[in-house]
1. Rounded if a/c is under 1.5, else prolate if a/b is larger than b/c, else oblate: which is region 3-101, with a ≥ b ≥ c the root eigenvalues of its Cα gyration tensor?
2. How many angstrom lie between the Cα centre of region 81-119 and the Cα centre of region 34-64?
3. Show me 179-188, 83-92 ranked by packing, highest mean number of other Cβ atoms within 10 Å first.
4. Nearest 0.05, what FRET efficiency do Asn35 and Lys113 give at R0 = 22 Å with Cβ-Cβ as r?
5. Roughly how tilted is helix 137-158, in degrees to the nearest 10 and between 0 and 90, from the longest Cα axis of the chain?
6. Sort Arg116, Arg53, Arg75 so the one with the fewest other Cβ atoms within 10 Å of its own Cβ comes first.
7. What's the exposure ranking of Asp36, Asp64, going from fewest to most Cβ atoms within 10 Å?
8. Give the cysteines in the chain for which no other Cys Cβ lies under 4.7 Å away, or write none if there are none.
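Quick note: the coordinates plus some simple rules give every number you see, no bench work behind them. The structure displayed is predicted, hence computed values, not measured ones. Positions of Cβ are backbone-derived with ideal geometry, glycine not excepted, and every protein chain shown enters the neighbour counts.
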Amino acid sequence: MPQHLEIKTLDSHLMVWKIIEPINYFEEKLSNWQNDFHQIKSEKRKLQFAASRYVAALLTNIFDASQFANAEDRRPFIKNSALQISISHDENWVAVIVSKNKVGIDIFCPTEKVFRVAHKFLSDEEKTFLQNYFSNENENLKWYSMLWCVKETVFKWMRKDGVEFKEDMLLQKIESAEIWMNTAFCGEIKVQTKFEKEFCLSWLA
């Protein structure tokens with residue numbers, strides 16, 4: 001079943017969807033597609049866009065695609081609604097969360113490229129923490145990927161410009177399915193996380 005995961009609480013509702021359908025599956029289920037959808041040139045990106053809007057529709061019961069838009073900073077929002085929304089996609093996975101509160105979500109499929117960009121989002125102290133905490137390279141790949149995912153989630157949730165990932169969001173501790181971050185703008189934040197075979201997932205609401 002394409003719906004891979006659903007988590008509903010009093011404050012939020014999230015869904016992870018594995019894309020196995022052709023693009024017309026999603027197009028047929030929503031009306032009023034926006035012009036910017038048809039202007040996307042990459043077929044892969046277009047499919048991710050369509051799937052994410054469909055999952056958003058399932059969570060909100062809004063099947064008019066034109067009601068989902070992006071602000072000038074590219075953050076998604078729902079027109080004429082008090083609900084907050086965050087969207088993420090990577091490869092053939094889509095994750096969406098909605099809430100009346102601020103939200104952030106990220107899904108990331110681990111690859112070794114995360115090591116090449118680690119200097120952009122991990123401080124030396126965080127790298128040392130991970131090296132001391134986990135003993136092999138496979139563990140490092142897993143946790144470097146999750147830290148990238150978590151920082152993306154916090155960034156989306158904070159809605160601040162000029163945030164430096166390796167300076168303004170610092171790892172504090174790891175507890176089971178939660179990662180605690182100390183942020184320059186919002187203090188200490190607890191991020192929910194989940195490891196799957198094919199992806200890392202993190203969210204805030």
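1. oblate
2. For region 81-119 versus region 34-64, the Cα centre distance is 15 Å.
3. Averaged packing, sorted descending, gives the order 83-92, 179-188.
4. It comes out at approximately 0.10.
5. 60 degrees
6. By the 10 Å Cβ count, ascending, the order reads Arg116, Arg75, Arg53.
7. Fewest-to-most Cβ neighbours within 10 Å comes out as Asp36, Asp64.
8. Isolated Cys, the chain: Cys109, Cys186.
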